[in-house]
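The numbers here are math on the coordinates, done by the rules we state, and not lab data. Please read these numbers as outputs of a predicted model, since none were measured by experiment. In this analysis, Cβ positions are derived from the backbone assuming ideal geometry, glycine residues included, and neighbour counts consider all displayed protein chains.
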Amino acid sequence: MCGICGVMDLSQAGRADPALVRRMADVMRHRGPDGDGFFDAPEVALGMRRLSIIDVKGSDQPLFNEDRRIALVFNGEIYNYRELREQLKRRNHILQTEGDGETIIHLYEDYGLNLFAHLRGMYAFALWDADARRLVLAVDHIGMKPLYLHERDGCLFFASEVKALLADARTPRALALEVLDTYLSFGFMIGEETLFAGIRRLPPGHAYVVEGGRGRLHPFWQFPARQPGERKSRALVIQECRDLLADAVHIHLRSDVPLGLFLSGGVDSAAVLALMAREADGRIKTFTVGYDARTADNELLQARRVAEHFKTEHHERVITADDWWRGFLKVIYHHDEPCANPSAVSLLLLAEDTARAVKVVLTGLGGDELFGGYPSHAALPAMLRRGATWGKLAAPLGDALGALEDSYPRMKRLRVIGALPTYLPRLRQAALPREQAILRMMSFDGLVFSDSLRDRLYGPELRAAWQQAQHKERTYRAIIDRSWREDAYDTAQALVINTWLTGNALLHTDKVTMAASLEARIPLFDPALLKFAAHVPSDVRMQSNKVVLREAMRPYLPDFALERPKQPFSTPILQWFDGELSPRIREVLLDPNAYITDLFKRAELETTLRDHFWKRTSQVEVVFRLLTLELWAQTFIKPPAFTPEPLHA
């Protein structure tokens, strides 16, 4: 597990700067406190920081093939490395380490860009082929390990974190105004673009191949579609799920250093724990985060109960509002991109505690995405059915409901009307064209940001940039095309994976754990499990919440863990934003010199914020997105020079 970075001179004039690559690597020291390594050639310079997990005393990077004509820097783990090593030895390769990263080089020698089909793991790597004068950058199938790209002045720069790119003073520190509406709409970014002008993320399941001074995207994986007529019985589905889960957890336990488990109160992490317990040699270390506030989704008690059942060495982190604020400021720095996900803060604080006990932690992330655990997995097909049944007839109603959007935040403060503001946007969605309806549903448009809020809030420059670029609309249209299936439930599954998962959940898992020099492993995203989940018939998958996972784990989990209803994992930020944290938030956002005052209509911005803080309206998600944006801009955009420390910590 590492951070990687590098520079390639696209003009082939020998301008790669080794000193810059060393500065880039040093910014990511937290990703690899155990050492560093560099490769210098006229056209390309590679660097890395290492967190030693497998072959701790060996496998120093860069790694090379037998004649040192291929060099590699690598971030991640290849879990099937033992099997691959044996295969490569039989093919007369000479392996110089006992580790996993070296397998990538020799697979490339044998299979070229078809090597990815042989890998089970999470990774981002940079491979330099001196004979072909080719650089291959790659990100694993689902995007567990990020890689950022920036091209300028005839050079390509890349790194595991944006901060490393900003170590070069010539890298522009500017907001990409044309994509800001996308962030405000989702609370995170979709697609390749980031909010940093000129910096993009390499998409999951893609390599970026550079040769002859030009780069091209090479796709090698996408979330698969079920074939028409493909059918499996419920019993076969459950048995296959059980076998694949056991194999995935087994292979994710390969480590030469101690490991543990992030344990929530849900069935996903309990399932991973149950399978770990079948192989454990000694007590498993488990780690849980909760809050000192009253909240319906506090995980502490249920997680403690599961830990007691499996007799783990259990650790708890209880977060106060002050803790959360300090963690939030750290997340702003370590996440690079604005991400308005309060759970990322809780995870960062938990990772800090966990890293004091272990170097590797498994997580239960993925159960909801693969097995139908989110409300949208059922709500999106229902919305499509409503639209097909009476969408045209509802067009006038949709216009009327659109006119009501401006009153939704005020309605949320009126308990007497219950959940009405939640249902009204759904009625409007049924009256809209399919793509627009799906976009609004998946971004919670109307519930968080809305057309009326954009009309009031966006300044002239932001509005013009948004309307001209149409980034959100174009990008989501492409995601819908990639995710569309004959079965609407399969479409909902693919959409969650291609937006929320790759643009939010996986990114923040990587960023906040690596901030603490902790490796997080996600067994449920083993390629075989992903393929299996895509092929489960929707009428089996959607019988009840995560029924396939629950039934697969029935032999190994107690009933109280299996039957617990789905609970969201969030934080009590509504309570804190209205109470203890309100003065700090107002100080940041109502500062007349705040960065965001130049983006929005100042009077409307102040009215929107004051109405929320004076409890006339409820717009906690909007406030959180604006707060994240402001602190991100203060950390990365506003300062005249980059500093490798958070400005607000």
Arrange the peptides 462-471, 265-274 so that the one whose residues have, on average, the most other Cβ atoms within 10 Å appears first. 265-274, 462-471
Per-selection Rg to Rh, the stretch 573-637 - Cα, Kirkwood hydrodynamic radius: 0.94
With +1 at each Lys and Arg Cβ and -1 at each Asp and Glu Cβ, the charge dipole magnitude of the stretch 155-197 around its Cα centre, to the nearest 20 debye, comes out at 220 debye
Give me the one-decimal nm value for the distance between modelled label points at Phe64 and Arg356, 7 Å along each residue's Cα-to-Cβ direction. 4.3 nm
Cut-off 19 Å, label 7 Å out along Cα→Cβ of Ala382, residues of the stretch 517-542 by amide N: 538-542
Highest average packing first - 535-545, 45-55, Cβ atoms within 10 Å: 45-55, 535-545
How big is the charge dipole of the stretch 573-637 about its Cα centre, in debye rounded to the nearest 20, if each Lys and Arg gets +1 on its Cβ and each Asp and Glu gets -1 on its Cβ? 120 debye
Beyond 18 Å, what percent of the Cα pairs of the stretch 235-373 remain? 59 percent
Explain nothing, just the number: dipole magnitude of the stretch 458-559 about its Cα centre with +1 on each Lys and Arg Cβ and -1 on each Asp and Glu Cβ, in debye rounded to the nearest 20. 160 debye
Answer with one residue from Gln543, Phe38, Leu236: the one whose Cα lies farthest towards the positive end of the charge dipole of the chain, charges on Cβ with Lys, Arg +1 and Asp, Glu -1. Gln543
Going through the cross-link list Lys145/Lys615; Lys57/Lys531; Lys57/Lys285, which pairs have a Cα-Cα distance over 29 Å in this structure? Lys145/Lys615; Lys57/Lys531
The stretch 129-182: mean projected area of Cα convex hull, nm²: 5.7 nm²
Taking the dipole of the stretch 476-532 about the Cα centre (Lys, Arg +1; Asp, Glu -1; charges at Cβ), the one of Asn498, Met514, Leu529 that reaches farthest to the positive side is Met514
Report the calculated FRET efficiency for Arg586 and Leu427 (r = Cβ-Cβ distance, R0 = 41 Å), to the nearest 0.05. 0.75
Length added when fully stretched, Arg610-Gln227, from 0.36 nm per residue minus Cα-Cα: 132.6 nm
What lysines does Lys638 reach when the alpha-carbon gap must be under 23 Å and sequence neighbours fewer than 8 apart in one chain are set aside? Lys163, Lys330, Lys511, Lys601
What number, in percent, do you get for the relative contact order of the stretch 573-637 if the mean sequence gap of Cα pairs under 8 Å and at least 6 apart is divided by its residue count? 42 percent
Rounded, prolate or oblate: which one fits the stretch 133-227, using the alpha carbon gyration tensor with axes a ≥ b ≥ c (rounded when a/c is under 1.5, else prolate when a/b beats b/c, else oblate)? oblate
Specify which residue in the list Pro338, Phe371, Gly260 is farthest towards the positive end of the charge dipole of the stretch 217-372, using unit charges on the beta carbon of Lys, Arg (+1) and Asp, Glu (-1), about the Cα centre. Phe371
Which entry is the computed Rg/Rh (Cα atoms, Kirkwood Rh) for this structure: [x] 1.01; [y] 1.04; [z] 0.95? [z]
Return a whole-number percent for the relative contact order of the chain, with Cα pairs under 8 Å and 6 or more residues apart as the contact set. 16 percent
At what distance in nm do the modelled label points of Leu95 and Asp281 sit from each other, each positioned 7 Å from its Cα along Cα→Cβ? 1.9 nm
Estimated [θ] at 222 nm from DSSP helical runs (n ≥ 4, -39500 (n - 2.57)) normalised by residues in the chain, nearest 500: -12000 deg cm²/dmol
Could you order peptides 104-115, 84-95 by the average number of other Cβ atoms within 10 Å of their residues, highest first? 104-115, 84-95
